[in-house]
1. Tell me, in nm to one decimal, what length is gained between ARG42 and HIS140 on full extension, where the rule is 0.36 nm per residue of separation less the Cα-Cα distance?
2. Using all alpha carbons of the range 50-125, what is the percent of pairwise distances in each 10 Å bin, ordered from the shortest bin to the longest?
3. I need the calculated FRET efficiency for the pair GLN131 and ASN27, taking r as the beta carbon distance and R₀ as 22 Å, to the nearest 0.05.
4. For a quick check: with amide H placed at 1.01 Å from N, whose amide H comes under 5 Å from LEU111's, ignoring anything fewer than 5 positions away on the same chain?
5. For ASP81, ASP53, give me the order by solvent-accessible area with a 1.4 Å probe, most accessible first, ignoring ligands, DNA and RNA.
6. Skipping prolines and chain starts, which residues have an amide H placed within reach, meaning under 5 Å, of the one on ALA46, given they are 5 or more residues away or on another chain?
7. With a point put 7 Å past each Cα toward its Cβ, work out how far GLN109 is from ASP53 in nm, to one decimal.
Amino acid sequence: MWPLLIVLALWLGTVGLGRAELTAAQNQGLQVALEEFHKHPRVQWAFQKTSMDSATDTPSESGTFVRLEFTLQQTGCWKKDWKKAQCKVKPGGRKRKCLACIMLGPESQVLGRMVHCPLETQVQQDSKEHQEARCSRVQHPHGGSHRYYFPGQFAFLQHPGSG
């Protein structure tokens with residue numbers, strides 16, 4: 001019985017059943033993340049997404065917050081050609097584990113972004129809490145959605161001769 005279940009699970013994995021498609025906001029977030037990654041001056045080669053570990057989008061008053069965790073692998077193409085279909089994953093190429101947090105506005109404009117893609121060997125060295133804090137700042141750029149502003153909060157008394 002177990003061998004049959006294992007074969008069935010492997011088949012479902014290859015057919016793609018059980019894997020949800022990305023929403024429109026998640027797809028846009030992924031494109032923003034890939035563009036941001038390939039803009040980095042230290043990146044020389046094109047990378048391609050090989051797996052999507054998690055994808056969520058959360059609507060809010062100011063737009064949609066998209067959080068993605070995915071893996072990239074090096075291709076044989078230069079980074080300027082990263083969008084080309086003929087760029088295939090390089091066997092044994094470097095792998096990067098990415099966390100991307102994107103805030104999209106009401107008309108799908110990008111309000112904020114944070115893309116962090118260390119090499120898989122460096123993932124343990126990076127502080128998970130630090131990356132989550134950076135991600136949270138993208139989601140709540142002004143300290144959260146329930147921050148109150150009071151009259152005179154940013155007014156300062158300036159002496160006439162000081163200035």
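The values are calculated or read from the model by the stated rules, or taken from the named source; none is laboratory data. Values in this document were obtained by computation on a predicted structure and should not be read as measured data. Cβ atoms come from the backbone with ideal geometry, glycine included; neighbour counts cover every protein chain shown. Only protein heavy atoms, including side chains, enter the accessible area calculation; ligands, DNA and RNA are left aside. Shrake-Rupley method; radii C 1.70, N 1.55, O 1.52, S 1.80 Å.
1. Stretched out fully, the ARG42 to HIS140 stretch lengthens by 32.4 nm.
2. Per 10 Å bin, starting at 0, the Cα pair percentages come out as 18, 37, 32, 12, 1.
3. 0.50
4. MET103, LEU104, GLY105
5. I get ASP53, ASP81, largest accessible area first.
6. THR75, CYS77, TRP78, LYS79
7. 3.3
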